[in-house]
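A quick write-up on the structure given underneath.
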Amino acid sequence: MIVKTDAVVLKVQKYLESSAIITLYTRGFGKMSVIAKGARRRQSTLASALGAMNHIGVLVYKKDGRELQTLSQVDLQNPWRLLAAEMDRMAAGMTMVELVNVATHADERHEALYDLLLSSLEYVDIATNPPKNALYYFEMQLLDRLGFKPALSRCVKCSMDPLERMTERSLPMRGSILHDGILCPPCATQGIGGPELSGESLQVLRRLQDLRTPESAERIVLSAVAHAEVTSALRWLLRHHVLGSKVLKTETVFSSLSKQ
Ligand SMILES: [Zn+2]
């Protein structure tokens, strides 16, 4: 059967002398691996369209039950302007595609997840400044769309509003994040939670859950402490639900580049 769908390229691997195995996240069929014959020949029009993060339209010979499908035709949909040209943007975009790759299984269609990935890449490509918060937005919404949305309005242990204790001026206290929600400061002292969170960071996490576009996340102003806490809370949740003991390759590569 020949199928047509649009897709984001998650990963490109060399295969034999001139071909490539491409992992796609497709709108119509979820994650799909395809073989692109001759993709690495010099004049191949396939080669330029099949870079990681690219948004493409594809025609695929698809046989049910087969692990590797055959790519027949590719059209580049919107060539990126800045996404693949600037390191900060590329680091954010490559983290997004790698997270979708590790978080999904083949042949599970999930249009809401596809839309999240595509709209986030589109935003990172055109944002005026290299976006920081767009990746937080993506990670929080990814947890939500995979069914792991943490409950942040009540303490998961005592059901109190954790923000009240965390923002008391005379007594600023930190709660902590848990797999499925938040612990208020007194409950967090029992040592069962993950990374600590201030009231400011909790409010940021709540807003990230409610927003509907990556652009709107960019308007949130965070202190340096909140940046660090939000980063580690989201990573802790992703590690628990999605990554297991895996380390993101993208992060290893880009953190070593930025130290050079
Ligand atoms: Zn509590």
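The values are calculated or read from the model by the stated rules, or taken from the named source; none is laboratory data. Bear in mind the structure is a predicted one, so any value in this text is a computation, not a measurement. Positions of Cβ are generated from backbone atoms using ideal geometry, with glycine treated the same way; all protein chains shown enter the neighbour counts. Please note that ligands, DNA and RNA were not included when accessible areas were found on the heavy atoms of the full protein model with its side chains. Shrake-Rupley method; radii C 1.70, N 1.55, O 1.52, S 1.80 Å.
Grab the alpha carbons of segment 76-144, take their convex hull, and tell me the volume per residue in Å³.
90
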Open item on the list: Which residue fluctuates most in the GNM of the chain (Cα springs below 10 Å): 46, 117, 83?
Closed with: 46
Task: Computed label-point distance, nm, for sites residue 160 and residue 224 using a 7 Å Cα→Cβ extension - done: 3.2
Open item on the list: How charged is the neighbourhood of residue 158? Take every other residue with its Cβ under 14 Å from the Cβ of residue 158, and add Lys/Arg as +1 and Asp/Glu as -1.
Closed with: +1
Task: Residue-wise HN-Hα coupling along segment 127-135, computed from phi with Karplus coefficients 6.51, -1.76, 1.60 (Hz; x: Gly, Pro) - done: 4, 5, 10, x, x, 9, 6, 4, 6
Open item on the list: Quick check for you: with a 1.4 Å probe and neighbouring chains kept, what is the accessible area per residue of segment 74-154, in Å²?
Closed with: 44
Open item on the list: Students often get this wrong: which residues of segment 56-75 have the backbone nitrogen under 13 Å from the point 7 angstrom along Cα-to-C-beta of residue 13?
Closed with: 67-69
- [ ] Using only Cα atoms, find the angle between the long axis of helix 224-238 and the longest principal axis of the chain, and express it within 0 to 90 degrees, rounded to the nearest 10.
- [x] 60
Task: Amide H contacts of residue 73 (H built 1.01 Å from N, under 5 Å, at least 5 apart or other chain) - done: 59
Task: With Cα atoms, 0 to 90° folded angle of helix 249-259 axis to the chain main axis - done: 70
Open item on the list: I'd like the orientation of helix 199-210 relative to the chain: the angle between its Cα long axis and the longest Cα principal axis, in ° from 0 to 90, rounded to 10.
Closed with: 40
TODO: For every helix of n ≥ 4 consecutive DSSP H residues, a contribution of -39,500 (n - 2.57) applies; sum these over the chain, divide by its total residues, and give [θ] at 222 nm rounded to the nearest 500 deg cm²/dmol.
DONE: -11500 deg cm²/dmol
TODO: Work out from phi, with θ = phi - 60° and the Karplus expression 6.51 cos²θ - 1.76 cosθ + 1.60, the ³J(HN,Hα) of each residue of segment 111-124, listed in order in whole Hz, and give x for Gly and Pro.
DONE: 5, 5, 6, 4, 4, 4, 5, 5, 5, 5, 5, 4, 5, 4
TODO: Taking 7 Å along the Cα-to-C-beta vector as the label spot, tell me the residue 245-residue 70 distance in nanometres, rounded to one decimal.
DONE: 4.1
Task: HN-Hα J in Hz across segment 148-160 - Karplus 6.51, -1.76, 1.60, θ = phi - 60°, x for Gly and Pro - done: 10, 5, x, 8, 10, 8, 10, 5, 5, 9, 10, 6, 6
Task: Candidates per GluC sites (Glu not before Pro) in segment 168-260, loop by DSSP, up to 13 other Cβ within 10 Å - done: 168
Task: Cα centroid of segment 16-48 to Cα centroid of segment 171-231, whole Å - done: 40
Task: segment 123-138 residues near the modelled residue 77 label - backbone nitrogen below 16 Å, point 7 Å along Cα→Cβ - done: 123-126
Task: Rough spin-label spacing in nm, given labels placed 7 Å along Cα→Cβ, for residue 253 and residue 192 - done: 4.1
- [ ] Please calculate the 1.4 Å probe accessible area of residue 11, with all protein chains present, and give it to the nearest 10 Å².
- [x] 80
Open item on the list: Looking only at the chain, where both bridge partners belong to it, what percent of the DSSP beta bridges are antiparallel (to the nearest 5)?
Closed with: 85
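For a quick check of your reading of the filter: which GluC sites (Glu not before Pro) in segment 27-133 sit in a DSSP loop and have no more than 15 other Cβ atoms within 10 Å?
Working: sites: 67, 86, 98, 108, 111, 122; in loops: 67, 86, 108.
Filter output for segment 27-133: 67, 86, 108.
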Task: q = 0.07 Å⁻¹, the chain: log10 I(q)/I(0) [Debye, one scatterer per Cα] - done: -0.28
Task: Percent of Cα pairs exceeding the 18 Å cut-off, where the set is segment 11-83 - done: 33
